[in-house]
Amino acid sequence: MSVVGTESRLALSKRPRRLRSTEAIRALVRETHLTPDCLIYPMFVCEGSDVRRPIGSMPGIFQLSVDEAVQEAAAAKQLGIAGVLLFGLPEHKDAIGSKSSDPRAPVQTAVRAIKRGVPGLLVLTDVCLCEYTSHGHCGILDGEHVVNDPTVARLVETALSHAEAGADFVAPSDMMDGRVGAIRQALDDKGFDGTGIVSYSAKYCSGFYGPFRDAAGSMPQFGDRRTHQMDPGNVEEALRVVQIDIESGADVVMVKPAVPYLDVLRRVKDRFGYPTAAYHVSGEYSMLKAAAERGWLDEDRVVMETLVGIRRAGADMIITYYARHAARLLA
Ligand code: PBG
């Protein structure tokens with residue numbers, strides 16, 4: 001029995017494989033592109049100088065003093081990455097997270113240094129209190145409850161201090177009600193109408209933030225974040241909160257985490273057609289790293305596949321600890 005013979009010729013008019021036959025053709029018909037200029041690299045900035053402290057659960061990611069952060073930011077810029085997102089690690093924490101709005105704290109200092117030292121690189125700042133409070137909660141407590149409006153007042157002070165330092169975008173990640181509108185108004189009142197807001201709009205209460213809480217020392221000392229972060233089962237709610245954030249003045253809305261919530265990303269993008277970010281979070285990074293370290297996955301391949309998948313689902317931009325790795329692969 002002949003396998004390849006005239007008798008096996010199919011009368012096929014549709015041959016999708018034609019468009020997969022060479023890389024030149026595949027490139028021509030590729031629908032989704034990953035480029036370094038849609039990537040944002042998160043960095044953890046601590047006090048001191050010459051500090052480059054590895055984070056155990058996030059191989060390749062470090063707690064950096066400002067001088068080191070400037071160097072990493074310059075390396076990111078060199079690779080064509082759009083921007084960096086800064087998190088602060090203060091040495092002293094208190095109940096109201098006083099350090100979050102201190103103009104001499106690590107984030108504010110790093111913003112000034114990066115804007116000066118790495119022109120053209122966008123600087124985004126995370127606005128939340130959990131890295132700054134002694135109890136590790138995202139806001140001010142009354143007993144064990146995070147109280148909304150007093151927390152928003154502290155977030156506004158924090159966002160203003162970032163804008164004063166020169167941040168291009170402030171990114172509130174706290175999930176309090178009303179914070180986007182309050183921050184927008186305060187920025188406008190102080191003349192920072194050019195400072196944008198990237199809102200963590202649909203931020204889910206996720207186990208995938210575990211490694212981040214190691215990195216930022218922001219594990220809540222009791223309880224969890226379920227009274228403000230979103231329930232993983234909800235998508236209609238995500239659409240409602242995104243709408244509120246857009247109406248309140250957000251320039252960019254975000255879905256976070258990314259991969260377990262790709263359906264949310266697609267629905268947000270389809271519904272609003274608004275600039276949309278996805279945060280590929282610490283746990284998503286760590287699980288790929290861990291599998292790669294064991295030789296179970298080809299890291300380069302799965303990184304690209306993951307980031308393309310996030311783009312395909314509707315993300316205009318991706319915040320990822322893999323930004324530099326991916327940009328190097330794309331170069
Ligand atoms: C601060 C904040 C968190 C992350 C971003 N901003 C932690 C949390 O909400 O517990 C998570 C980022 C990551 O896991 O990479 N609230």
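The values are calculated or read from the model by the stated rules, or taken from the named source; none is laboratory data. Remember, it's a predicted structure, so these values are computed and weren't measured experimentally. So basically every Cβ, Gly included, is an ideal-geometry build from the backbone, and we count neighbours across all protein chains shown. Note: accessible area is taken over every heavy atom of the protein model, side chains too, but ligands, DNA and RNA are not part of it. Shrake-Rupley method; radii C 1.70, N 1.55, O 1.52, S 1.80 Å.
To the nearest 10 Å², what's residue 99's accessible area with a 1.4 Å probe?
60 Å²
Would you tell me the accessible area of residue 231, worked out with a 1.4 angstrom probe on the heavy atoms of the protein chains, in Å² to the nearest 10?
My reading of the accessible area for residue 231 is about 90 Å².
Rank these residues by their accessible area, most exposed first, probe 1.4 Å: 174, 263, 67.
So the residues, ranked largest to smallest area, are 263, 67, 174.
Put +1 on the Cβ of each Lys and Arg and -1 on the Cβ of each Asp and Glu in region 254-331; which of 329, 268, 258 then has its Cα farthest toward the positive end of the dipole?
268
Sorting 116, 213 by accessible area (1.4 Å probe), largest first, what list results?
Ranking 116, 213 by accessible area, largest first, yields 116, 213.
When DSSP assigns beta bridges and you keep just the ones with both residues in the chain, what percent turn out antiparallel, to the nearest 5?
Within the chain, antiparallel bridges account for around 10 percent of the total.
Cα axis of helix 282-293 to longest principal axis of the chain: angle in degrees, 0 to 90, nearest 10?
50 degrees
Leaving out ligands, DNA and RNA but keeping every protein chain, what accessible area does residue 274 have, in Å² rounded to the nearest 10, with a 1.4 Å probe?
60 Å²
By the scheme Lys and Arg +1, Asp and Glu -1, what is the net charge of all other residues having a beta-carbon under 14 Å from that of residue 116?
+1
Given a 1.4 angstrom probe, I'd like the percentage of the accessible area of the chain that is carbon and sulfur, rounded to a whole number.
The nonpolar share, carbon plus sulfur, comes to 52 percent.
Assuming 0.36 nm per residue, please report the length gained on full extension of the stretch residue 49 to residue 243 beyond their Cα-Cα distance.
Extra length available between residue 49 and residue 243 comes to 65.6 nm.
What ranking do 34-40, 299-305 get when scored by the average of other Cβ atoms within 10 Å per residue, highest first?
34-40, 299-305
Sorted by accessible area with a 1.4 angstrom probe, largest first, how do 104, 15 fall?
So, going from the largest accessible area down, we get 104, 15.
If you take the charge dipole of the chain about its Cα centre, with +1 on Lys and Arg Cβ and -1 on Asp and Glu Cβ, which of 132, 178, 19 is farthest toward its positive end?
Of 132, 178, 19, it is 19.
Please compute the length gained on full extension between residue 75 and residue 312, using 0.36 nm multiplied by the number of residues separating them and subtracting their Cα-Cα distance.
82.6 nm
Using alpha-carbon positions, what is the distance between the centroids of region 236-260 and region 24-60, in Å?
Each part reduced to its Cα centre gives a spacing of 23 Å.
Can you tell which of 106, 16, 211 shows the greatest fluctuation in a Gaussian network model of the chain with Cα springs below 10 Å?
Result: 16 has the largest fluctuation of those listed.
Considering only 90, 221, 117, whose Cα is most displaced toward the positive end of the charge dipole of region 31-330, charges sitting on Cβ of Lys, Arg (+1) and Asp, Glu (-1)?
Looking along the dipole axis, the top candidate is 117.
In deg cm²/dmol and to the nearest 500, what is the mean residue ellipticity at 222 nm of the chain if only DSSP H runs of at least 4 residues count, each as -39500 (n - 2.57), divided by the residue total?
-11500 deg cm²/dmol
Please work out the Cα center distance from region 62-132 to region 303-327, rounded to the nearest Å.
Each part's Cα centre sits 22 Å from the other's.
Ignoring ligands, DNA and RNA, what accessible area per residue does the chain give at 1.4 Å, in Å²?
So the chain comes to 46 Å² accessible per residue, rounded to a whole number.
Pop the C-beta distance of residue 18 and residue 328 into the FRET formula with R0 = 30 Å and round what comes out to the nearest 0.05.
Plugging the Cβ-Cβ distance into 1/(1 + (r/R0)^6) gives 0.40.
For residue 33 and residue 293, calculate 0.36 nm times their separation in residues minus their Cα-Cα distance, and state this gained length in nm to one decimal.
That works out to 90.9 nm of additional length.
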